[in-house]
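Working notes, beginning with the structure itself.
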Amino acid sequence: DYVVVKMIPDNRLPPRHLHSVHTGKTFAVIKWESPYDSPDQDMLYAVAVKDLVRKTDKIYKVKTRNSTVEYTIKKLEPGGKYHVIVQLGNMSKESSMKINTVPLSAPDALKIITESDHILLFWKSLALKESNFNESRGYEIHMFDSLMNITVYLGNTTENFFKVSNLKIGHNYSFSVQARCLYSGQMCGEPATLLYDELGTGEDSSAAKSGRSTDVAAIVVPVLFLLLVTLGIGFVVLYMRHRRLQNSFTAFANSHYSSRLGSAIFSSGDDLGDEDDEAPMITGFSDDVPMVIA
């Protein structure tokens, strides 16, 4: 035996599984499920967006019969903080969440130029890659003194350079440049950071590594070059000695060459001496042979 039971939908229940799917600089995609499965009619949702920085509210209405709802909240600000509330239009129980939009990017190509009594920070305009950035907003500059372990706010500018003076000898500084923070420093851009060492040369971490690599290469390359030159000279000397020995042997062989035999004749040490050694030894004179004295 079995029985089929159909539950009466409760429109006072809150939306389920509210979460963020994707967050950008000026938008956020949120997703939730209906309070109960398979709604048999259109459901009206109220999406309230509270700006926690500006202290303003906006309400959007979404009407759908889908069990799963995906909605994009637009016209947000980069680096903003928002509180999102979703509930049925009859002001039932609510589901809520907090989202933070992506801040503006860091300025590119931050460089330091050293002058006699000050330094100049230079960077590319952020408006070149951020359509949401206006140069009138400007940039703010911070400095971190590693020796004193303090961070100092140096000021802001609408230009793409900034002058820094009164630096102390022997101190290492880190400078950061970012889009100016809005509303009491709550909406800021990502900072671009650059290290300024005690010798007065600005470099970031990658530049420092490449500089150290260059120093090592400046030592290793000459040493390898000298080794190669030494090996080359050694090979030349050995080759010349080999050629000299070969020429000496050739001359020696030619001096012992017999055209009659068609080959070179070399004698051993036992054969060295007078050529008359091969003549027969005279043992005496016969009485029958007259001796003639010239």
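The values are calculated or read from the model by the stated rules, or taken from the named source; none is laboratory data. Everything quoted here is computed from the prediction, not taken from an experiment. When we count neighbours, we look across all protein chains shown, and the Cβ atoms used for this are built from the backbone with ideal geometry, even at glycine. Surface areas here come from the heavy atoms of the whole protein model, side chains and all, with no ligands, DNA or RNA. Shrake-Rupley method; radii C 1.70, N 1.55, O 1.52, S 1.80 Å.
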Subject >> Loop-located GluC sites (Glu not before Pro) in the stretch 85-192, at most 13 other Cβ atoms within 10 Å (DSSP) >> reply: GLU115, GLU135, GLU159
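Which percent of the accessible heavy-atom area of the stretch 108-197 goes to carbon and sulfur, probe 1.4 angstrom?
Percent of accessible area from carbon and sulfur atoms in the stretch 108-197: 51.
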Original post:
About its Cα centre, how strong a charge dipole does the stretch 16-100 have in debye, to the nearest 20, once Lys and Arg get +1 and Asp and Glu get -1 at the Cβ?
Top reply: 440 debye
**OP:** Pick out, from PRO35, TYR82, TYR60, the residue whose Cα sits farthest towards the positive end of the charge dipole of the stretch 16-100, with +1 on the Cβ of Lys and Arg and -1 on the Cβ of Asp and Glu.
**Re:** TYR82
